[in-house]
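S.K.: Please read through the structure below; I'll follow up with questions.
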Number of protein chains: 2
Amino acid sequence: MQTIIKPNKSQWPLISKRPGINAKDLSNTVSNILSTVKKDQDKALFAMAQKYDNAKLDNLKVSEEEINSALKNIDPALKEAIDLARKNITKFHQSQIVKEEIVETTKGVTCWRKTIAIEKVGLYIPGGSAPLFSSILMLGIPAKIAQCKEIIICTPANKEGKIDNALLYTAATIGIRNIYKVGGSQAIAAMAYGTQSIPAVNKIFGPGNQYVTEAKRLIQKDGIAIDMPAGPSEVLIIADETSVPAFIAADLLAQAEHGPDSQVMLLSNKQEVIDKTLKALDVQLVNLPRQDIATRALRNSKAILLDSIQDCIAFSNEYAPEHLIIATEKLIDYIGDIQNAGSVFLGNYSCESAGDYASGTNHTLPTNGYAKNYSGVSLDSFVKKITFQRLSREGLSNIGPSIEKMASAEQLYGHKNAVTIRLEKLNEDAEAVKEQIITQA
Amino acid sequence: MQTIIKPNKSQWPLISKRPGINAKDLSNTVSNILSTVKKDQDKALFAMAQKYDNAKLDNLKVSEEEINSALKNIDPALKEAIDLARKNITKFHQSQIVKEEIVETTKGVTCWRKTIAIEKVGLYIPGGSAPLFSSILMLGIPAKIAQCKEIIICTPANKEGKIDNALLYTAATIGIRNIYKVGGSQAIAAMAYGTQSIPAVNKIFGPGNQYVTEAKRLIQKDGIAIDMPAGPSEVLIIADETSVPAFIAADLLAQAEHGPDSQVMLLSNKQEVIDKTLKALDVQLVNLPRQDIATRALRNSKAILLDSIQDCIAFSNEYAPEHLIIATEKLIDYIGDIQNAGSVFLGNYSCESAGDYASGTNHTLPTNGYAKNYSGVSLDSFVKKITFQRLSREGLSNIGPSIEKMASAEQLYGHKNAVTIRLEKLNEDAEAVKEQIITQA
């Protein structure tokens with residue numbers, strides 16, 4: 001880690017820049033995969049499973065037998081852990097259900113919003129060395145609470161053509177049984193355009209490598225929505241003399257082990273805290289299985305001494321970290337100043353891995369400074385809100401003349417006429433009533 | 001308008017397809033404008049105002065004198081109309097403020113969300129023949145309610161280098177005084193990257209032509225968010241024997257006058273209603289100032305006879321209209337079935353122009369079928385939600401072992417260790433207390 005001592009505020013934006021992602025231009029490669037899947041559908045997916053995952057598949061869809069076997073064979077202790085996480089994530093995301101108000105803006109003019117699930121959503125779960133069943137919890141649970149009608153999962157099979165038990169257990173336990181053995185950008189293509197086996201969806205969620213990310217970027221042109229733009233994972237930790245250096249070091253390493261392009265930032269108002277933490281980091285790094293990855297990530301990483309914790313918060317707002325850990329005992333003074341972050345962890349016992357797995361918050365968060373303008377995944381990500389309005393005759397009488405005036409000023413006389421023709425009818429009706437009264441009198 | 005009689009359900013997706021937008025590939029042109037503005041900043045903007053808007057400008061920023069003069073010279077009747085609209089839009093968008101719950105998911109594990117305004121937002125307001133001050137209301141009011149710290153407007157000046165009084169009045173009356181005389185894709189570039197005069201923003205809102213739309217698409221690569229993808233405006237009207245054909249015709253024309261690429265759809269379960277409406281349409285079209293535009297839009301448009309109003313709703317869900325008018329007296333039976341729409345207008349007196357201007361709902365809505373996966377602009381569009389969590393020692397004791405189990409299963413031992421090191425400390429502390437008690441006993 002590079003240590004920076006009291007940088008000038010004018011340097012903060014430069015220091016906040018993420019390490020240049022060595023992104024090859026994958027547009028052509030990924031475009032070709034997208035159009036091949038669009039054209040050849042299932043056939044293309046079978047061929048690509050063979051080519052990229054070295055998996056010879058009989059079926060794209062995971063069978064009921066495979067799911068039932070996973071339910072039987074899952075490690076009971078892991079099952080219990082997943083169940084606890086599921087319960088907490090469900091509780092927190094259920095609390096995000098909003099009851100919308102009905103508002104009468106002017107007498108006779110009633111407006112409201114209705115929350116409706118996005119009908120079809122696709123969750124992409126990467127393969128690779130480890131089964132990321134936690135991402136199924138984080139995406140599948142809010143999709144279920146939102147009541148999306150169709151929820152599908154795509155994830156690559158291993159060489160034996162199988163999906164990990166923990167993945168299948170997690171999906172099944174939250175009620176998702178449409179799982180397809182497709183990985184990479186071809187999975188994104190399949191969910192975007194549909195194939196014989198895989199239904200097309202309206203919105204695609206989930207992490208992935210550069211190919212997956214590029215595919216998600218490209219399919220938006222065709223009207224499919226995505227969760228959010230992606231970048232390497234990152235943490236920023238703010239520490240003072242009340243923090244525990246060994247804990248901070250562990251949190252920095254937990255982030256650094258994600259990938260060589262991860263970035264970890266340590267901010268403090270005390271040189272001693274930085275020194276002690278870096279020492280603890282060296283000690284813990286030796287025993288880390290993913291030592292090599294973490295070491296490379298630490299090369300992109302910075303420890304920064306600043307004048308005060310207030311300055312650390314200000315720097316953090318400039319950086320806009322995906323994860324922000326405030327590892328200090330005083331917290332109340334600082335919370336109100338946090339402007340830009342994906343998820344915030346408060347105090348010495350709120351480690352980031354709690355939020356990654358089991359506390360209840362979502363772990364799909366904006367990286368790369370996107371926390372300035374994006375929220376993490378939540379129940380909101382799986383719904384849309386439709387506005388409704390109802391004007392009574394009185395309502396239109398009340399606001400109609402204003403609409404006529406404004407539409408004329410914008411030179412949209414068709415808009416004006418839609419009001420005028422109705423107001424004329426109301427006047428005619430009123431006249432008719434008046435005449436009737438006179439005639440009867 | 002093309003009339004289609006009882007099409008088979010299998011044909012609905014094809015009929016729902018929007019007319020192919022004659023989108024030229026503007027990527028190169030717009031990319032060049034973006035990079036010129038990035039490099040030459042204000043200088044480029046002055047030159048482009050001259051080139052594209054034929055406006056010789058002294059300053060990019062609208063002066064206080066210009067704003068004050070607009071406040072004095074605005075037509076009082078228009079001012080009153082704008083004020084009524086402002087009041088209604090404010091009332092409805094204020095009702096969208098959500099009080100987030102604090103949730104204890106497991107004893108000692110507390111999670112919550114905090115709503116925080118996106119710090120800097122830019123609103124683009126197109127120029128052209130008419131001043132679209134209504135878009136300032138629709139974007140500026142929720143930005144103000146959200147408490148965005150910096151709200152700027154870019155809009156092209158006319159040949160005299162001036163901005164319309166109604167635009168300046170509307171902006172000033174909701175408290176926006178940073179207004180810049182920049183139009184087209186160069187305005188999007190200026191707000192995305194910043195210039196000497198114009199601050200860079202985090203998110204850009206607002207309608208525009210193909211150049212503006214392409215610029216908004218491109219700048220997302222650099223981390224700037226946008227309101228939503230754009231397409232031509234559209235309305236779908238569902239009518240039965242309780243509808244008023246002249247009203248429906250007026251609503252169809254109000255939509256058709258937007259642009260030659262607009263699309264209007266009329267659905268009914270009664271041939272007679274369609275016939276009467278098309279007749280009324282011909283009558284009204286003659287007197288429409290934008291007759292030529294509307295006529296061209298009607299060429300893309302369809303009247304469809306279906307078996308029932310239920311089928312009309314089902315078709316509408318497939319089409320996912322920006323605006324949906326249900327011009328029938330029975331409404332309660334249908335509302336619950338609406339799945340995909342931007343904004344819904346209920347009954348004979350809820351004309352679309354009410355929502356365009358003054359009822360209180362937002363008029364920035366998803367077009368082109370995006371209503372399947374996007375909401376219209378609302379207060380939500382101007383905020384992000386940050387999750388917070390706080391684990392007490394007890395909280396970590398309760399969920400720590402589950403986190404360890406899950407992290408191990410995902411082979412992320414750094415994540416596991418961040419918990420283990422803390423649990424060990426808790427055990428040590430507990431042991432120390434025990435020992436102390438024994439010693440004292």
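S.K.: Tell me which of these B:Val109 doesn't satisfy, since it passes every other one: (1) closer than 27 Å to A:Cys111 by Cα; (2) in contact with a Leu (Cβ under 8 Å, 6 or more places away or on another chain); (3) facing chain A (nearest Cβ under 7 Å).
M.R.: (1)
S.K.: Considering only residues that are assigned to a helix (DSSP H, G or I) and among the β-branched types (Val, Ile, Thr), look in the range A:168-204 and name the one that is surrounded by the fewest Cβ atoms within 10 Å (Cβ to Cβ).
M.R.: First pass over the range A:168-204, keeping only residues assigned to a helix (DSSP H, G or I): A:168-173, A:184-193.
Adding the requirement that they be among the β-branched types (Val, Ile, Thr) leaves A:170, A:173, A:188.
On the way: A:Thr170: 31, A:Thr173: 19, A:Ile188: 32.
Ranking the qualifying residues of the range A:168-204, first place goes to A:Thr173.
S.K.: On to the next question. Regarding A:Tyr413, is this residue surrounded by 18 or more Cβ atoms within 10 Å (Cβ to Cβ), facing another protein chain (nearest Cβ under 7 Å) and either touching a Ser or Thr at 6+ places or on another chain (Cβ under 6 Å) or under 30 Å from B:Asn202 (Cβ atoms) (or both)?
M.R.: When the stated conditions are applied, A:Tyr413 does not pass them.
S.K.: Here's another thing I want to ask about it. Return only the number of the condition from (1) on the phi > 0 side of the Ramachandran plot; (2) open to solvent by 20 Å² or more (accessible area, probe 1.4 Å) that A:Asn165 does not satisfy.
M.R.: Condition (1) is where A:Asn165 drops out.
S.K.: For B:Ser129, which of the numbered conditions (1) open to solvent by less than 10 Å² (accessible area, probe 1.4 Å); (2) without any contact (Cβ under 8 Å) to a residue 24 or more places away in the chain fails to hold?
M.R.: Unmet for B:Ser129, out of (1) open to solvent by less than 10 Å² (accessible area, probe 1.4 Å); (2) without any contact (Cβ under 8 Å) to a residue 24 or more places away in the chain: (1).
S.K.: Select, from A:Ala172, A:Ala143, the only residue that is touching a Leu at 6+ places or on another chain (Cβ under 9 Å) and within 20 Å of A:Pro207 (Cβ to Cβ).
M.R.: Every option except A:Ala143 fails the conditions.
S.K.: Give the residues of the range B:329-341 that are more than 7 Å from chain A (Cβ to nearest Cβ) and within 17 Å of the chain's Cα centre (by Cα), sorted by residue number.
M.R.: B:Asn340
S.K.: Here is a further query. In the range B:324-363, what count of residues is obtained for those that are β-branched (Val, Ile, Thr) and surrounded by fewer than 24 Cβ atoms within 10 Å (Cβ to Cβ)?
M.R.: Qualifying residue count, the range B:324-363: 4.
S.K.: Within the range B:125-148, which residues are facing chain A (nearest Cβ under 10 Å) and on the phi < 0 side of the Ramachandran plot?
M.R.: B:Ser129, B:Ala130, B:Pro131, B:Leu132, B:Phe133, B:Ser134, B:Ser135, B:Leu137
So that you can scan it fast, the table gives a plain yes or no per residue for (1) over 25 Å from A:Glu65 (Cα atoms); (2) aliphatic (A, V, I, L, M):
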site: A:Ala117; (1), (2): yes, yes
site: A:Gly127; (1), (2): no, no
site: A:Ile163; (1), (2): no, yes
site: A:Thr170; (1), (2): no, no
site: A:Arg177; (1), (2): no, no
site: A:Gly206; (1), (2): yes, no
site: A:Val212; (1), (2): yes, yes
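S.K.: Would it be correct to say that A:Met191 is over 22 Å from A:Pro366 (Cα atoms), within 18 Å of the chain's Cα centre (by Cα) and not β-branched (Val, Ile, Thr)?
M.R.: In short, yes.
S.K.: While we're on this one: Limited to the range A:213-223, what total is found for residues that are crowded, with 23+ Cβ neighbours inside 10 Å and under 22 Å from A:Ile136 (Cβ atoms)?
M.R.: Residues that pass the stated criteria total 2.
S.K.: Looking only at the range A:417-435, count how many residues are hydrophobic (A, V, I, L, M, F, W, C) and in contact (Cβ under 8 Å) with a residue 24 or more places away in the chain. Walk me through how you get there before you give the answer.
M.R.: Here is the first cut: in the range A:417-435, the ones hydrophobic (A, V, I, L, M, F, W, C) are A:418-419, A:421, A:423, A:426, A:430, A:432-433.
Of the ones still in play, those that are also in contact (Cβ under 8 Å) with a residue 24 or more places away in the chain are A:423, A:426.
Adding up the residues that qualify gives 2.
S.K.: Would it be correct to say that A:Ala230 is open to solvent by 30 Å² or more (accessible area, probe 1.4 Å) and assigned to a loop (DSSP other than H, G, I, E, B)?
M.R.: Judged against the criteria, A:Ala230 is a match.
S.K.: Let me ask another. Which ones in the range A:264-308 are under 16 Å from A:Pro232 (Cβ atoms) and open to solvent by less than 20 Å² (accessible area, probe 1.4 Å)?
M.R.: Result: A:Val264, A:Met265, A:Ala294, A:Ala297, A:Leu298, A:Ser301.
S.K.: Follow-up question, since we're still on this one. Condition test on A:Gly122, is it open to solvent by 20 Å² or more (accessible area, probe 1.4 Å), more than 9 Å from chain B (Cβ to nearest Cβ) and not aliphatic (A, V, I, L, M)?
M.R.: no
S.K.: I would also like to ask the following. Hey, B:His363 hits all of (1) within 23 Å of B:Lys144 (Cα to Cα); (2) at the interface with another protein chain (Cβ under 7 Å from one of its Cβ atoms) but one; which does it fall short on?
M.R.: Among (1) within 23 Å of B:Lys144 (Cα to Cα); (2) at the interface with another protein chain (Cβ under 7 Å from one of its Cβ atoms), the lone unmet condition for B:His363 is (2).
S.K.: Hey, does the range B:298-316 have a residue that's touching a Ser or Thr at 6+ places or on another chain (Cβ under 6 Å), under 30 Å from B:Asp282 (Cβ atoms) and within 11 Å of chain A (Cβ to nearest Cβ)?
M.R.: Taking every residue of the range B:298-316 in turn, none turns out to be touching a Ser or Thr at 6+ places or on another chain (Cβ under 6 Å), under 30 Å from B:Asp282 (Cβ atoms) and within 11 Å of chain A (Cβ to nearest Cβ).
S.K.: Checking the conditions here, which among A:Ser35, A:Ser69, A:Ser63, A:Ser10 is hydroxyl-bearing (Ser, Thr, Tyr) and either modelled with pLDDT under 95 or open to solvent by 80 Å² or more (accessible area, probe 1.4 Å) (or both)?
M.R.: It is A:Ser10.
S.K.: Go through (1) without any contact (Cβ under 8 Å) to a residue 40 or more places away in the chain; (2) touching a strand residue (DSSP E or B) at 6+ places or on another chain (Cβ under 7 Å); (3) within 9 Å of chain A (Cβ to nearest Cβ) and name the single condition B:Ile151 misses.
M.R.: Here B:Ile151 meets the rest and fails (3).
S.K.: From the residues in the range A:54-86 that are among the basic types (Lys, Arg) and within 14 Å of chain B (Cβ to nearest Cβ), which one is farthest from the chain's Cα centre (by Cα)?
M.R.: A:Lys79
S.K.: If you go through the range B:13-32 one residue at a time, how many are closer than 30 Å to B:Asp164 by Cβ, among the aliphatic types (A, V, I, L, M) and either without any contact (Cβ under 8 Å) to a residue 40 or more places away in the chain or buried (at least 16 other Cβ atoms within 10 Å of the Cβ) (or both)?
M.R.: Selection size over the range B:13-32: 2.
S.K.: If you don't mind, there's one more thing I want to ask. Is it the case that some residue within the range A:80-100 is open to solvent by 60 Å² or more (accessible area, probe 1.4 Å), among the β-branched types (Val, Ile, Thr) and in contact with a Leu (Cβ under 8 Å, 6 or more places away or on another chain)?
M.R.: Yes, the range A:80-100 contains a residue that is open to solvent by 60 Å² or more (accessible area, probe 1.4 Å), among the β-branched types (Val, Ile, Thr) and in contact with a Leu (Cβ under 8 Å, 6 or more places away or on another chain).
S.K.: Can I ask one more? Could you pull out the residue among B:Leu379, B:Leu426 that is open to solvent by less than 20 Å² (accessible area, probe 1.4 Å), on the phi < 0 side of the Ramachandran plot and more than 7 Å from chain A (Cβ to nearest Cβ)? Spell out how you get there, then give the answer.
M.R.: Values: B:Leu426 fails: open to solvent by less than 20 Å² (accessible area, probe 1.4 Å).
Testing whether each residue is open to solvent by less than 20 Å² (accessible area, probe 1.4 Å), on the phi < 0 side of the Ramachandran plot and more than 7 Å from chain A (Cβ to nearest Cβ) leaves just B:Leu379.
This table checks each residue for (1) buried (at least 23 other Cβ atoms within 10 Å of the Cβ); (2) touching a Gly at 6+ places or on another chain (Cβ under 8 Å); (3) more than 7 Å from chain A (Cβ to nearest Cβ).
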{"residue": "B:Gly369", "(1), (2), (3)": "no, yes, no"}
{"residue": "B:Lys384", "(1), (2), (3)": "yes, no, no"}
{"residue": "B:Ser392", "(1), (2), (3)": "no, yes, no"}
{"residue": "B:Asn398", "(1), (2), (3)": "no, yes, yes"}
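S.K.: Would you tally the residues in the range B:239-256 being of a type outside the set (S, T, N, Q) and surrounded by 24 or more Cβ atoms within 10 Å (Cβ to Cβ)?
M.R.: Residues that pass the stated criteria total 9.
S.K.: How many residues, within the range B:132-144, are in contact with a strand residue (DSSP E or B) (Cβ under 9 Å, 6 or more places away or on another chain) and open to solvent by 20 Å² or more (accessible area, probe 1.4 Å)?
M.R.: 1
S.K.: Go through the range A:220-232 and give me each residue that's within 12 Å of chain B (Cβ to nearest Cβ) and either of a type in the set (A, V, I, L, M, F, W, C) or in contact (Cβ under 8 Å) with a residue 24 or more places away in the chain (or both).
M.R.: A:Asp222, A:Ile224, A:Ala225, A:Ile226, A:Asp227, A:Met228, A:Pro229, A:Ala230, A:Gly231
The values are calculated or read from the model by the stated rules, or taken from the named source; none is laboratory data. Everything numeric here is computed off the predicted structure, so don't read it as measured data. Counting neighbours? That spans all protein chains shown, and the Cβs are built from the backbone with ideal geometry, glycine included. Surface areas here come from the heavy atoms of the whole protein model, side chains and all, with no ligands, DNA or RNA. Shrake-Rupley method; radii C 1.70, N 1.55, O 1.52, S 1.80 Å.
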